[in-house]
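Contents: one structure, followed by commentary.
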């Protein structure tokens, strides 16, 4: 704790370094403890300087060596990603969906720019399922499809490839059972899920993301598992933790809870919108009925008026005849 406090203090006061230059021969102490006392867990000045002089990708670790080639790579900001999305879409998102779409673009961008991210069929199925859930009631159906296209272009992905990978996994799920999926997660068979499971287990730096968890939920639905959060939770925990050996089982379960909450809210909103639509149609029907009745009354009055006019004209003619 004393060492941590020392490092934090030095980092916090880094901007004042010129006013507090340290002589290399001088020992720095905190609360009376010398940092040269490395034998009892302390740090010396050289180590602190080395730590503060951090260089990306220069560490002697497997992680740094694996991703060293990405040092200095240009990474778009969330703002730039959303700007690209807006430019590609070409028009404004519906006001009711604006916040949701903004969050979707930002979250997806932050996932894919992570050095550890790798696209796989489960992730592809998950992101497509997410967009189908969020945009299925979008007022303009053609625009909903364009939103998905603009999203993939903003994150630099080929939409056709994403849909192809997702479709391949969906096709594999046809006719499968929960036991078949669990066997595939153990690496058995030659389907897309078994090869992916082996790759995940062999990669200590494999990265879990929300869409992977939702992809597994979609797989559960395809194989007939009841889509209830209480039923899904233990299955997802088993698949992520025991079958794939991932430490992200809890994150996946939390994401499943979020998925069901959002789904329930959207179902509620859909029900409300249908009720509003029914009421509006009923009101419109009543207005049309009132207009029709008014038109009939007007036509009836016009007919009676015409009869009176004809009668009056006939009477005038008869009177003229009598006078003659």
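Numbers for the structure displayed
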item: Residue that is outside the structural domain of residue 104 (by TED's automatic domain parsing), modelled with pLDDT of 85 or more and in a helix (DSSP H, G or I), where the choices are 316, 281; result: 281
item: Selection from the range 81-101 of residues that are under 10 Å from the mean Cα position of the chain (by Cα) and closer than 11 Å to residue 147 by Cα; result: 101
item: Residue 205 touching a residue at least 24 places away in the same chain (Cβ under 8 Å), closer than 28 Å to residue 115 by Cβ, in contact with a helix residue (DSSP H, G or I) (Cβ under 7 Å, 6 or more places away or on another chain) and surrounded by fewer than 14 Cβ atoms within 10 Å (Cβ to Cβ); result: yes
item: Subset of the range 137-156 that is within 13 Å of residue 105 (Cα to Cα) and either outside the structural domain of residue 263 (by TED's automatic domain parsing) or outside any helix (DSSP H, G or I) (or both) - its residue that is farthest from the chain's Cα centre (by Cα); result: 156
item: Residue in the range 163-171 that is under 21 Å from residue 232 (Cα atoms) and outside any helix (DSSP H, G or I) present; result: no
item: Tally of residues being outside any helix (DSSP H, G or I) and surrounded by 18 or more Cβ atoms within 10 Å (Cβ to Cβ) across the range 218-245; result: 1
item: Meets criteria (in a loop (DSSP other than H, G, I, E, B) and either farther than 20 Å from residue 162 by Cβ or at pLDDT below 90 (or both)) for residue 87; result: no
item: Flag if residue 266 is under 17 Å from residue 204 (Cα atoms) and in contact (Cβ under 8 Å) with a residue 24 or more places away in the chain; result: no
item: Test: residue in the range 118-136 that is free of Cβ contacts under 8 Å to residues at least 60 places away in the same chain, surrounded by fewer than 17 Cβ atoms within 10 Å (Cβ to Cβ) and more than 16 Å from the chain's Cα centre (by Cα); result: no
item: Unmet criterion (only one of (1) part of a helix (DSSP H, G or I); (2) at pLDDT 95 or above) for residue 208; result: (1)
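The values are calculated or read from the model by the stated rules, or taken from the named source; none is laboratory data. None of these values were measured; they are calculated from a predicted model. Counting neighbours? That spans all protein chains shown, and the Cβs are built from the backbone with ideal geometry, glycine included.
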